[in-house]
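Take a look at the structure below.
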Amino acid sequence: MKKSIENIWKEGFLKKDALIVPKLNDLYDQKSIDIVAKFRRMYKINIIAIVVFAFIFLPIALIARIPYMGIPLFFLFMYIVYFAIGFKKELDTIDKNVNSYQYLQSFNNWIEKVTSFNIKLSRYLYPYVFLSMVAGFWFGSIGGNIPGEESVNWLLVEYPDMLLLFGLPVVGIVGAITIVGLLAFFGGKIGEWDFNIGYGRIVRRLNGLIKDMEELRASC
């Protein structure tokens, strides 16, 4: 029966002069390369996907006569891409002339930085998306009728005693503020969940590999 990778690693670490040590280093290197390469590939694909979606979504939004939703969301996508490209360039600067353990530690630190930024951004991102959608519905097309005002007029006919504030239904204002508050409060968790959907499996593999390395280094 072939030895497991973990047993080969352990044997290589415990026997300093063992012939298996070069193979052990190769296994570390290969696993490290596989994890980082897969993450890089997925990260690049996601950036491209956001750009493509943004340039498809904008004309569709204009055709559908919801520019007040399409334009803000387009700039939001470009904002996300701007920082994603910046993080990608930062990833490319990680020193590769070190051993696998040090490289994976640097890569893990980079992931933690990206995750932290994603969580902070999400606290503003989701409320922004919600307000953009509300604006798209309320103002409708440029130079045309304002659907929001028409909706309020219809509601006043149905509910003449409805309270208004600055021409807006109070219940609608309270509802919108509540939703924005909830999105801001839970935005970080939503962003973390979203990140884990895309990269969680790779991050777990990375953490597991680093943990194995640390345990084996400690047993030497």
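Things worth noting here:
- Exclusive hit being of a type in the set (D, E), under 15 Å from N118 (Cβ atoms) and assigned to a helix (DSSP H, G or I), set D194, D212: D194
- The helices (runs of 4 or more DSSP H) located wholly in region 1-102 that include 3 or more residues which are hydrophobic (A, V, I, L, M, F, W, C) and modelled with pLDDT of 80 or more occupy 21-63, 67-92.
- Filtering region 152-163 to residues that are surrounded by 13 or more Cβ atoms within 10 Å (Cβ to Cβ) and either without any contact (Cβ under 8 Å) to a residue 12 or more places away in the chain or basic (K, R) (or both) leaves L156, M162.
- Of everything in region 164-191 that is touching a residue at least 12 places away in the same chain (Cβ under 8 Å) and outside any helix (DSSP H, G or I), the residue that is farthest from I66 (Cα to Cα) is L164.
- Residue in region 124-138 that is outside any helix (DSSP H, G or I) and either among the hydrophobic types (A, V, I, L, M, F, W, C) or in contact (Cβ under 8 Å) with a residue 60 or more places away in the chain (or both) present: no
- Where D161 falls short, out of the listed (1) touching a helix residue (DSSP H, G or I) at 6+ places or on another chain (Cβ under 7 Å); (2) assigned to a loop (DSSP other than H, G, I, E, B): (1)
The values are calculated or read from the model by the stated rules, or taken from the named source; none is laboratory data. Quick caveat: nothing in here was measured; it's all calculated off a predicted structure. Note that each Cβ is placed from the backbone with ideal geometry, even for glycine, and that neighbours are counted across all protein chains shown.
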